[in-house]
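Only the coordinates and a few stated rules stand behind these numbers; no lab work does. Because the structure is a prediction, the values reported are computed rather than measured. Note that each Cβ is placed from the backbone with ideal geometry, even for glycine, and that neighbours are counted across all protein chains shown.
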């Protein structure tokens, strides 16, 4: 066979093996391809019993954990229910990679037997099925990570996260799809194909943790784990209407997970939870930190879970009036109307709850910081492209597959699909940096972090609380998802990775064609801003989830989770009153 035939045959054979792992009795009658919203299919397809629907529709992870640890529900029945729903999600959105039903159910039985024998749960995540992005190695299973050349690469040990999940009593049960290279805000590779958004399959689920986003949105998993180097937890969480957390570097254990550009530590990738409930974000993060991950991962920060920080001890304490800066616009891309409305809703809800939402220009109301932020983007791109694409091209060369240059579909592509800046950045537009040039970028990065820190601290004179701004609220992207091939920018999220700010995602509302009509053209910042403006169609976006992010300080996971709970509570109270 020719090289092209060889890698294509390799991918087709692996996809066929995945299909054979699905029990025939778990296949469903599929909706027509032109049915865009498939959220109701799990409850109407007839595969799930009323009991299984009750289990999988329980979005509050605390309730699931309570029923598991008190044996009201067994781990075997909970894992079976979520596995069946995950297989439904796979048939609807193509969100899975590894399917290992027998192994997961054997683990669930082991957990049930332990509770029955010892009268106590194994740990804080006892019996809970958890899905994992296709980076977290599980001994004896392939970790393909979207590369044809990685097919057949079987892990000889568990990643540290998986070790800790077992110790906490969890049941890893599926792994989820990613884009080739991981360096995309969408999800497509030659091995497993494209993952779609269950709210509208014409739209992207985001990336690179897009398989997790689609799966969790369809309640095919109660809690998934993604990774984030430029927005890869937050973008799919936002596009799929989920809660998520991007922790700071090395707060949670990454050791033993595979990665693109492994060894690149200028801007570190981090792992984070994606779930339908804030309770799930807190339960997962606390459980992993309480397991003392620094005893297994040498890079993990030795910082125990702080109840004082979770009680907002650095923000006036529980019940204190908080001050949030609102980033209406980042000076690079102006958000679509649904995002603007979501920010207005959030500001109004916070003020009704007694908090303050500062009306700001981009980033803490100072032109200085707009300059700071626009300085971040080119430096981040240079860091990601420091090897001139060698790492990514090397992994493609293992099979001879081409490097994917666009996420736009071959057929049915959107007229405003853009060439992704990341594709242009990674390959072909700059030379390999020397070590000295990279060191210079590190110096510039430190200076920018210091500049932004100083500016944040200086806001204490303007907040009225005696403290600097407690957190920043901003869009996750300029749009609430977008057609495949159109997710051209990740700067609303990537600057947090550059500055290493702990950041959460929370759903706010849904796009509404009657409330979110087109607005008159503004003075465009650049050609991409103009393209994003033209992209918006109120009819196409109608019904898509709209989420925002809450940006806190470095290694402030407990405080960010607690402040997100404050915002979420205010939004829910406002909706109740409406």
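Observations
- Least to most buried among 181, 187 (fewest other Cβ within 10 Å first): 181, 187
- Ordering of 277-289, 231-243, 31-43 by burial proxy (mean other Cβ atoms within 10 Å per residue, highest first): 231-243, 277-289, 31-43
- Region 201-256 versus region 324-356: alpha-carbon centroid distance in Å: 22
- For 69, 51, order by how many other beta-carbon atoms lie within 10 Å, fewest first: 51, 69
- Region 172-193 and region 462-530 have Cα centres separated by 24 Å.
- Per residue, the chain reaches -12500 deg cm²/dmol at 222 nm when only DSSP H runs of four or more residues are counted, each adding -39500 (n - 2.57).
- Ranked by the mean number of other Cβ atoms within 10 Å of their residues, highest first, the peptides 550-561, 143-154, 168-179 come out as 168-179, 550-561, 143-154.
- Potential extension, residue 153-residue 348 segment - 0.36 nm per residue separation minus Cα distance: 65.0 nm
- Cα centroid of region 21-71 to Cα centroid of region 263-306, whole Å: 28
- Fraction of beta bridges assigned by DSSP in the chain that are antiparallel (%, nearest 5): 65
- Efficiency of FRET from Cβ geometry, residue 569 and residue 20, R₀ 51 Å, rounded to 0.05: 0.65
- Tensor-based shape of region 94-213 (alpha-carbon gyration tensor, a/c under 1.5 rounded, otherwise prolate or oblate): prolate
- Spin-label model, residue 534/residue 412: points 7 Å from Cα along the beta carbon direction are separated by 2.4 nm.
- Computed E for residue 35/residue 13 - FRET, C-beta separation, R0 30 angstrom, nearest 0.05: 0.50
- Computed extension length for residue 515-residue 542: 8.7 nm, one decimal, from 0.36 nm per residue of separation with the Cα-Cα distance subtracted.
- Exposure proxy ranking, count of Cβ atoms within 10 Å, fewest first, for 537, 387: 537, 387
- Global geometry of region 1-104, whether rounded, prolate or oblate, following the gyration tensor of its Cα atoms and the 1.5 cut on a/c: prolate
- Efficiency of FRET between residue 113 and residue 51 - r from beta-carbon atoms, R0 30 angstrom, step 0.05: 0.90
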